[in-house]
Amino acid sequence: MILDKSLIEQHNQANQSLHKKKFEALSAVLSGEGHDVKTILEKIAAFQIAIPSWALGTGGTRFGRFAGGGEPRSLEEKIEDVGLLHALNQSSNSISLHIPWDIPKDPKAITQLAASFELGFDAVNSNTFQDQADQKESYKFGSLSHTDKAVRDQAIQHNIDVIRHGVDLGSKALTIWLSDGTDFPGQQNFRRMFERTLDSIQQIYAELPADWKVLVEYKPYEPHFYSTVIADWGTSLLFCNKLGEKAVGLVDLGHHLPNTNIEQIVSRFLMEGKLGGFHFNDSKYGDDDLTVGSIKPYQLFLIFNELVEGMSSPEIKNPELSWMIDASHNIKDPLEDLLQSVEAIKIAYAQALIIDRPALEKAQAENDATLAQEIMQNAYRTDVRALLAEARQQAGAALNPVAFYRESKIREQLVSQRGAKSFATGL
């Protein structure tokens with residue numbers, strides 16, 4: 001569906017008085033602390049987060065999936081939904097496709113449709129963790145690491161096909177998440193699995209266009225629980241270094257063991273110039289794929305502290321990052337959840353932008369842990385939502401996207417158009 005922008009203007013006008021008070025109060029505080037509010041607003045507005053095509057429907061577990069109604073039934077409808085999100089927040093100007101769930105049958109028509117919603121295409125994602133109905137070889141015992149060359153060749157060709165789809169759409173990156181691993185000790189030789197995987201990815205890497213990159217994702221467990229081939233950031237970095245300059249690491253916030261210091265991992269990747277991007281989500285126990293910022297918002301802020309410092313440092317030579325969400329909305333309206341996730345990401349980014357960096361560096365140099373904590377938490381405890389709202393308003397988006405979404409009964413309209421039992425492809 002296409003939003004009537006006059007309705008957004010009416011929503012903003014109705015909420016203008018309260019917003020103005022909040023924004024002016026916050027601006028006065030930040031200006032008093034020496035911040036350039038105009039520059040911060042420009043950075044917030046420029047920060048865009050890609051929406052994954054697989055997250056536009058209700059997720060599920062191995063026990064069941066409960067559709068929420070009005071889910072997009074085709075790639076075209078998924079693009080419409082991302083366009084709807086972008087109209088509401090002006091912060092989601094691209095879509096990340098998963099192949100073969102979302103193969104564009106007519107790339108030209110798809111790119112034209114996306115452009116009509118002011119959208120582009122972020123990284124394309126391959127899928128060798130599931131058997132498809134028409135494939136000859138099974139991935140039950142692995143794909144790019146499989147002992148059987150025929151299986152590896154099939155998985156390699158799939159990734160090359162994904163690159164070609166991406167080229168047709170104007171994408172510039174391939175994401176490889178490899179589920180390959182083992183469930184029992186002795187099941188496979190770790191070194192040979194690594195070598196087979198490296199050889200497979202090298203063949204894929206050779207097919208990358210000159211201006212592309214490949215994002216190498218890691219995960220310590222699941223679906224295999226004894227070992228995974230790319231189990232951690234170190235293994236991802238090892239693959240990237242062996243592959244070449246176009247290979248970079250992808251950090252999925254849910255792909256870590258409990259209490260892992262993710263912000264330190266981010267710093268290490270940046271230091272090596274090998275940080276490629278993020279799959280944002282949140283977790284309580286494992287790869288829960290929950291709404292960003294719903295469980296560990298302070299950790300998200302600490303990650304952005306490293307990002308803001310690293311990206312602004314002349315010492316760091318890192319390529320431009322890809323920012324993507326990877327979530328599963330088991331019980332929530334997917335569009336509401338995505339709006340909340342984008343907001344949480346940009347809140348953490350804005351908080352990191354207002355850290356008193358010179359004061360923090362001085363405290364660090366003097367080993368003043370107390371003062372360093374005060375400086376960090378002063379930024380974290382600042383309610384920056386009025387900054388985000390102002391940036392949205394200036395861009396023509398809604399002051400409060402979730403409130404507007406509900407007031408306008410958008411989900412009800414989607415159910416009316418698509419039906420109460422429509423299911424989106426994806427997990």
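Yes or no: E245 closer than 28 Å to G170 by Cβ, in contact with a Ser or Thr (Cβ under 8 Å, 6 or more places away or on another chain) and among the acidic types (D, E)? Spell out how you get there, then give the answer.
Working: closer than 28 Å to G170 by Cβ: yes; in contact with a Ser or Thr (Cβ under 8 Å, 6 or more places away or on another chain): no; among the acidic types (D, E): yes.
So E245 does not fit the description; no.
Of the residues L237, L270, L275, L253, which is in contact with a helix residue (DSSP H, G or I) (Cβ under 8 Å, 6 or more places away or on another chain) and under 23 Å from S294 (Cα atoms)?
Details: L237 fails: under 23 Å from S294 (Cα atoms); L270 fails: under 23 Å from S294 (Cα atoms); L275 fails: under 23 Å from S294 (Cα atoms).
It is L253.
Kindly establish whether Q90 is on the phi > 0 side of the Ramachandran plot and modelled with pLDDT of 95 or more. Give the steps one after another, and end with the answer.
Values: on the phi > 0 side of the Ramachandran plot: yes; modelled with pLDDT of 95 or more: yes.
Here the answer is yes, as Q90 does meet what is asked.
Suppose we keep only residues that are surrounded by 22 or more Cβ atoms within 10 Å (Cβ to Cβ) and among the polar types (S, T, N, Q) within segment 207-266. Which one would you say is farthest from the chain's Cα centre (by Cα)?
Checked segment 207-266; the qualifying residue farthest from the chain's Cα centre (by Cα) is T228.
In this structure, does E76 turn out to be of a type outside the set (G, A, S), modelled with pLDDT of 95 or more and surrounded by 15 or more Cβ atoms within 10 Å (Cβ to Cβ)? Quick ask: steps written out before the conclusion?
Working: of a type outside the set (G, A, S): yes; modelled with pLDDT of 95 or more: yes; surrounded by 15 or more Cβ atoms within 10 Å (Cβ to Cβ): yes.
In short, yes.
How about segment 142-186: which of its residues are surrounded by 15 or more Cβ atoms within 10 Å (Cβ to Cβ), of a type in the set (A, V, I, L, M, F, W, C) and farther than 19 Å from A123 by Cβ?
Answer for segment 142-186, where residues must be surrounded by 15 or more Cβ atoms within 10 Å (Cβ to Cβ), of a type in the set (A, V, I, L, M, F, W, C) and farther than 19 Å from A123 by Cβ: just V151.
Could you go through segment 43-51 and let me know if any residue there is part of a helix (DSSP H, G or I), of a type outside the set (A, V, I, L, M), farther than 19 Å from H279 by Cα and in contact (Cβ under 8 Å) with a residue 24 or more places away in the chain. Lay out the reasoning, then the answer.
Kept after step one, since they are part of a helix (DSSP H, G or I), are these residues of segment 43-51: 43-46.
Now drop any that are not of a type outside the set (A, V, I, L, M), which leaves 43.
Checking the rest, the ones that are also farther than 19 Å from H279 by Cα come to 43.
The next check asks that each one be in contact (Cβ under 8 Å) with a residue 24 or more places away in the chain; those that pass are 43.
Yes, some residue in segment 43-51 is part of a helix (DSSP H, G or I), of a type outside the set (A, V, I, L, M), farther than 19 Å from H279 by Cα and in contact (Cβ under 8 Å) with a residue 24 or more places away in the chain.
Please go through (1) more than 23 Å from the chain's Cα centre (by Cα); (2) crowded, with 18+ Cβ neighbours inside 10 Å; (3) not basic (K, R) for E195 and return the number of the only condition it doesn't satisfy.
Condition (2) is where E195 drops out.
Consider H98 carefully, then state whether it is surrounded by 18 or more Cβ atoms within 10 Å (Cβ to Cβ) and either closer than 20 Å to M324 by Cα or among the polar types (S, T, N, Q) (or both). Lay out the reasoning, then the answer.
Values: surrounded by 18 or more Cβ atoms within 10 Å (Cβ to Cβ): yes; either closer than 20 Å to M324 by Cα or among the polar types (S, T, N, Q) (or both): yes.
Considered against the rule, which asks whether it is surrounded by 18 or more Cβ atoms within 10 Å (Cβ to Cβ) and either closer than 20 Å to M324 by Cα or among the polar types (S, T, N, Q) (or both), H98 comes out as yes.
Residues that are β-branched (V, I, T) and exposed (fewer than 14 other Cβ atoms within 10 Å of the Cβ): does segment 57-72 have at least one?
Narrowing segment 57-72 to residues β-branched (V, I, T): 58, 61.
With the extra rule that they be exposed (fewer than 14 other Cβ atoms within 10 Å of the Cβ), the set shrinks to 61.
Among the residues of segment 57-72, at least one is β-branched (V, I, T) and exposed (fewer than 14 other Cβ atoms within 10 Å of the Cβ), which makes the answer yes.
Out of everything in segment 1-18 that is free of Cβ contacts under 8 Å to residues at least 24 places away in the same chain and farther than 15 Å from Q394 by Cβ, what residue ends up being nearest to the chain's Cα centre (by Cα)?
Taking the candidates together, the pick is D4.
The values are calculated or read from the model by the stated rules, or taken from the named source; none is laboratory data. None of the values given here were measured: they were computed from a predicted structure. All Cβ positions, glycine included, derive from the backbone under ideal geometry; neighbour counts span all protein chains shown.
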